1. Provide a single number: the residues in segment 88-112 that are surrounded by fewer than 13 Cβ atoms within 10 Å (Cβ to Cβ), of a type in the set (A, V, I, L, M) and either within 23 Å of ALA32 (Cβ to Cβ) or touching a Gly at 6+ places or on another chain (Cβ under 8 Å) (or both).
2. With the requirement that a residue be within 26 Å of PHE9 (Cβ to Cβ), assigned to a loop (DSSP other than H, G, I, E, B) and under 13 Å from the mean Cα position of the chain (by Cα), what does segment 20-72 give you?
3. Within segment 95-112, can you find the residues that are assigned to a loop (DSSP other than H, G, I, E, B) and either within 10 Å of ARG15 (Cβ to Cβ) or touching a residue at least 40 places away in the same chain (Cβ under 8 Å) (or both)?
4. Restricting attention to segment 27-84, which residues are at positive phi and surrounded by 15 or more Cβ atoms within 10 Å (Cβ to Cβ)?
5. From VAL22, VAL37, VAL16, which residue is touching a helix residue (DSSP H, G or I) at 6+ places or on another chain (Cβ under 7 Å), under 21 Å from GLU60 (Cα atoms) and among the hydrophobic types (A, V, I, L, M, F, W, C)?
6. Which one is farthest from ALA28 (Cα to Cα) among residues in segment 80-91 that are in contact (Cβ under 8 Å) with a residue 24 or more places away in the chain and of a type outside the set (A, V, I, L, M, F, W, C)?
Amino acid sequence: MQTIEWNDFTKVELRVGKILEVQDFSKAKKPAYIVFVDFGDELGIRKSSAQITKNYSKDELVGKKVLAVVNFPKKQIGPIQSECLITGLHDEQGGVFLCVPDGDVPLGTKLL
């Protein structure tokens, strides 16, 4: 494990957003969705490619709040530009479970 300085961590903008729309991402190399996340008035709506198809259907994702990194550079993933990184944890079967707030946190709230 690599140790980082506290100031390195504070540069990462982890924010709460709400999933508005989910589309199949048929051109992805691995099964994925295109996810549109609302981060509130300051940051607006951003899209991301997310390999979360094993543990979530599109319908159950809409309305779910997630924690995402919003200050990475945009990344070209096939035909789309990913504008944020939705966080999650791998389970033993290789699926991903999302990192989510367990309370009613306002959109755009930064992880402290």
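Only the coordinates and a few stated rules stand behind these numbers; no lab work does. This structure is a prediction, so every number in the text was calculated from the model and none was measured. Note: ideal-geometry Cβ built from the backbone for every residue, glycine included; neighbour counts use all protein chains shown.
1. 1
2. Hits for segment 20-72 are PHE39, GLN51, ILE52, LYS64, VAL70, ASN71, PHE72.
3. GLY95, PRO101, VAL105, PRO106, LEU107, GLY108, THR109, LEU111
4. Of everything in segment 27-84, just one residue is at positive phi and surrounded by 15 or more Cβ atoms within 10 Å (Cβ to Cβ), namely GLY40.
5. Checking each option against the conditions leaves just VAL22.
6. ASP91
For (1) free of Cβ contacts under 8 Å to residues at least 40 places away in the same chain; (2) closer than 21 Å to LEU111 by Cα, each residue gets a yes or a no:
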residue	(1), (2)
GLU21	no, no
PHE25	no, no
LYS30	yes, no
PHE39	no, yes
SER48	yes, yes
VAL66	no, yes
LYS75	yes, no
GLY78	no, no
GLN93	yes, no
